[in-house]
Each structure stands twice: as C-alpha cells, then as structure tokens.
Amino acid sequence: MKGGTGRTLALATMLALIVLGIHRLRGPEADVEVRDTRYVFGTLVEIVVRGADPVEARTAVSATGRLLQTLHHDWHAWRPGALSTLNDAIADGRAAEVDPQLADLLRAGQQLACASEGLFNPGIGRLVALWGFHADTPPQSPPPAASEIAALRAADPQMTDLVIDGQIVRSTNPSLQLDLGGYAKGAALDLAAADLAARGIRDAVLNAGGDVNVLGDHGARPWRVAIRDPFVWGALATVTLDPGEVLYTSGNYERYFEHEGERFAHIIDPRSGHPVREIVSVSVLDTEGVRADAAATALSVAGRERFAAVAAALEIDAAVMVTDRGEVLATPAMVKRIEASGGPLPAGLTTVALPADVQPSPCGAQTGPEPS
Ligand code: ADP
Ligand code: MG
C-alpha cells in the first residue's frame, strides 16, 4: 500500500507538473493586460501590453511611460524645457544645441512642412500663442486683432528658415517659434512603440485619446480602434489595425474656443493666420505616427479641395475627412479599411481618388546634414 501511495503521489506530482507546464506553454499571461496611464501631450496616454510576462510587462510600461513624460517635457511648446530654450535662442538670433531626438524631429518637421507646401508648419508658434492656445485650457478672450495676425503673417516663418547642422540649430528668421503640437504626439508614440519593442514586448497598444500606435495584435484577434464621430458622442467607424499600423485624428471639436457664436479651433491655416473652419476632423491610417499626426493636421488645413493632392504629396494612402457640413470624404484605401460600428457606414461617404501623377517630393533635400 505504501508503495502504492508513493506511486500515486509521484503520478499526481508529475500530472501537476505537466498541467503547470502546459499552462506555462500556453502562457498564463496570454490574457493578462498590463497598463500605464499618463497625462502627457495634452491628453491621457494609455499604454496597454498584452500577453507578456506580467513582471517584465510592468517594467516595460513604466519605463516607456517615463520616456513619454520626458519627451512631453522636452518638446513642450510653452513650458520651460529643451524646446523653449531653443525658442529663446531663436528669438535672440542665437544658435542652440539640441539632443539628437529633437534634431531628428525638427528635420522631419522640415520635410513634412515642405511636402505639405507649408500647410503643416511647426514654425508658427507665435500665431498659435497669439490665438491663445499656449495654455492648458482654451482661451476665454476674443480673437486677436487683425493687425497682430497680419504682422505675424508678414514675418512669414518657414521651416526652411531653420538651419540644422547636426545638433546645432538656428533660424535665419527670428520670428520663427517652434510649436511641435501638430506632430509631437505621433513622434513620441513612435519612440515609445520602438522602446516597448526593444524591451521584448510584442503585443501592445499606445492610445493617446484616439491617436493610436499598435504593436503586434490583441491575442487571437487584431487590434480594433474607433474613429470618433466629431458631431455626436460615439464612433464614426472602426478600423482593424495590422501590426505596426497607426491611426491619428485631428479635429476642431476638442481644443477650441467660442466667441460670439463662432468657433475658433487650434489648427491654424498658416496662409491666413486664422483657425481652420471647414474641416471638423481628419483621420489618417499609416505606419508612422509622426507622419500620420502631421498629415492629419495638414489635411485639416488643406480642406476638401486639396484633400487628395496634399495626402498624395505626403505619401498618405488612407485618410478620411469630415467637413463642417457633415460630408465624409475618404481615399479608396481608407474606404477599404473602415468598418461600420454598429450601423451603416457614414451616410454620404464619398470616395476621393488620389492623383496618379504625383512627382517624387523634392523635400528630402531640404533637411540638414545627419548628426555626426
Ligand atoms: P491634436 O493635438 O488634437 O491631436 P493636431 O495634431 O491637429 O491636434 O495638432 C494641433 C496642434 O498643432 C495645435 O495645438 C498647434 O500646437 C499646432 N498647429 C496648429 N496649426 C498648425 C499648422 N498649420 N501646422 C503645424 N502645427 C500646427
Ligand atoms: Mg497632428
């Protein structure tokens, strides 16, 4: 009997080990989600890691969260930090040294500004400030005087005024002030996604208030994200993201102020010096946050007439635009990807073909020498 009990125990232990082993092989963590949430870049940014060892995932999301916090501080448009130090130097006509990440971001800004023919212009910080958007809460004051807007337009700050020599940056135009709000979030989420991947994380989503980068998938199914309906609370449509894809939305329904019944949004048309009116939201599906974020802003300025031309110039295939009249315009690639969320696809969806004859952009040549 004794021997029998011993054998039973051994068998039970072996079975337990096998079960544990199978459980481990399947990954007890398969369903585990580990999160980190921070208030950065003017919104709540949530990092969700799935299917990783919980301890490793916790270490990774904390480190990546701290990276986002650092970038938020360094690239802030009006609080003291690396960017404000550079802006002060530019205003004084001095050169300043920046870190390699900021130098890269500025070079990308030059390229995107050039490709968008200046509709995307991160050098219009003075205009953004003049309209009162260099504050945590929307402005309460009336719009600025026409003469002040005209003066800043006449000063004509362009990203080509920036001279970037490795990590040394100066501007030939002292009126240029950098405000990276149009693409910093995308650039930051790209760096954060790369950071998670370098830490061995395969499946994750980084969600900055609807601006999303994904790594891998959501276990057995892909990541699905919603495009917010700018008019009512809810989703306009949903998109299933392939590993490594991003979806970014810009709109005038979140950061704006109203004065005498008129809405003034935080996206400024550099040509007029005034906030955009016609466009309520633009969403861009791409593989790079930095480009998608900049493109969503640029397309908001471009408006319905220039939608296809500017998307093509920025090498964006999939974009959807909602106008103030409720029209929904989408490129063919976006039409293929958007799915109805509970109801039919947006009424009045119009497919807008991209021009076929886009010349290769000459904009790469505008960026400065690579850092040594
Ligand atoms: P969100 O921050 O809501 O994602 P955007 O990506 O469109 O929206 O960024 C808007 C921000 O970009 C503004 O708050 C301002 O900092 C900056 N900005 C405004 N107009 C322009 C423009 N024409 N080009 C580049 N940046 C802009
Ligand atoms: Mg943007």
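The values are calculated or read from the model by the stated rules, or taken from the named source; none is laboratory data. Everything quoted here is computed from the prediction, not taken from an experiment. No Cβ is skipped: glycine too gets one built from the backbone with ideal geometry, and neighbour counts run over all protein chains shown. Areas reflect the complete protein model, heavy atoms only, side chains present, ligands, DNA and RNA absent. Shrake-Rupley method; radii C 1.70, N 1.55, O 1.52, S 1.80 Å.
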Check: What is the one condition in (1) touching a Pro at 6+ places or on another chain (Cβ under 6 Å); (2) within 13 Å of ligand 2 (Cβ to nearest atom); (3) open to solvent by 20 Å² or more (accessible area, probe 1.4 Å); (4) not hydrophobic (A, V, I, L, M, F, W, C) that Gly109 does not satisfy?
Finding: (3)
Check: Which of the following residues is within 29 Å of Ser283 (Cα to Cα) and either open to solvent by 10 Å² or more (accessible area, probe 1.4 Å) or in contact with a strand residue (DSSP E or B) (Cβ under 6 Å, 6 or more places away or on another chain) (or both): Leu189, Leu180, Leu176?
Finding: Leu189
Margin query: Being in a loop (DSSP other than H, G, I, E, B) and modelled with pLDDT of 95 or more is the filter here; which residues of the range 244-253 pass it?
Written below: Gly244, Glu245
Next item on the list: Restricting attention to the range 247-284, report how many residues are open to solvent by 50 Å² or more (accessible area, probe 1.4 Å), more than 14 Å from ligand 2 (Cβ to nearest atom) and over 27 Å from Ala154 (Cα atoms).
Entry: 2
Check: What strands (runs of 3 or more DSSP E), lying completely within the range 254-314, carry at least 1 residues that are of a type in the set (Lys, Arg)?
Finding: 262-265
Notebook entry, point to check: Could we say that Glu327 is open to solvent by 10 Å² or more (accessible area, probe 1.4 Å) and touching an Asp or Glu at 6+ places or on another chain (Cβ under 7 Å) here?
Noted result: no
Margin query: So, in the range 167-209, how many residues would count as being more than 15 Å from ligand 1 (Cβ to nearest atom), hydroxyl-bearing (Ser, Thr, Tyr) and either under 20 Å from Val301 (Cβ atoms) or under 14 Å from the mean Cα position of the chain (by Cα) (or both)?
Written below: 1
Note to self: Can you tell me how many residues within the range 290-338 are within 15 Å of ligand 2 (Cβ to nearest atom) and hydroxyl-bearing (Ser, Thr, Tyr)?
What the structure shows: 2
Next item on the list: State which residue is nearest to ligand 2 (Cβ to nearest atom) when the search covers only the range 69-104 and only residues that are touching a helix residue (DSSP H, G or I) at 6+ places or on another chain (Cβ under 6 Å), part of a helix (DSSP H, G or I) and open to solvent by 10 Å² or more (accessible area, probe 1.4 Å).
Entry: Asp74
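Per-residue answers, yes or no, for (1) closer than 18 Å to Ala103 by Cα; (2) in contact with a Ser or Thr (Cβ under 7 Å, 6 or more places away or on another chain); (3) aromatic (Phe, Trp, Tyr):
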{"site": "Gly118", "(1), (2), (3)": "no, no, no"}
{"site": "Pro139", "(1), (2), (3)": "no, no, no"}
{"site": "Pro144", "(1), (2), (3)": "no, no, no"}
{"site": "Asp161", "(1), (2), (3)": "yes, yes, no"}
{"site": "Gly166", "(1), (2), (3)": "yes, yes, no"}
{"site": "Asp179", "(1), (2), (3)": "yes, no, no"}
{"site": "Ala197", "(1), (2), (3)": "no, no, no"}
{"site": "Ile201", "(1), (2), (3)": "no, no, no"}
Checklist line | Residues that are open to solvent by less than 20 Å² (accessible area, probe 1.4 Å) and outside any strand (DSSP E or B), drawn from the range 196-215 | finding: Leu196, Ile201
Check: Only one residue in Thr297, Thr323 is among the β-branched types (Val, Ile, Thr), over 19 Å from the mean Cα position of the chain (by Cα) and either at pLDDT 90 or above or within 16 Å of ligand 1 (Cβ to nearest atom) (or both). Which one?
Finding: Thr323
Note to self: Among the listed residues Pro222, Pro230, identify the single one that is touching a strand residue (DSSP E or B) at 6+ places or on another chain (Cβ under 7 Å), over 25 Å from Asp104 (Cα atoms), within 16 Å of ligand 2 (Cβ to nearest atom) and not aliphatic (A, V, I, L, M).
What the structure shows: Pro230
Next item on the list: Return the only residue of Ala220, Ala226 being among the small types (Gly, Ala, Ser), touching a residue at least 60 places away in the same chain (Cβ under 8 Å) and surrounded by fewer than 22 Cβ atoms within 10 Å (Cβ to Cβ).
Entry: Ala226
Check: Is it true that Val169 is under 29 Å from Thr238 (Cα atoms) and crowded, with 19+ Cβ neighbours inside 10 Å?
Finding: no
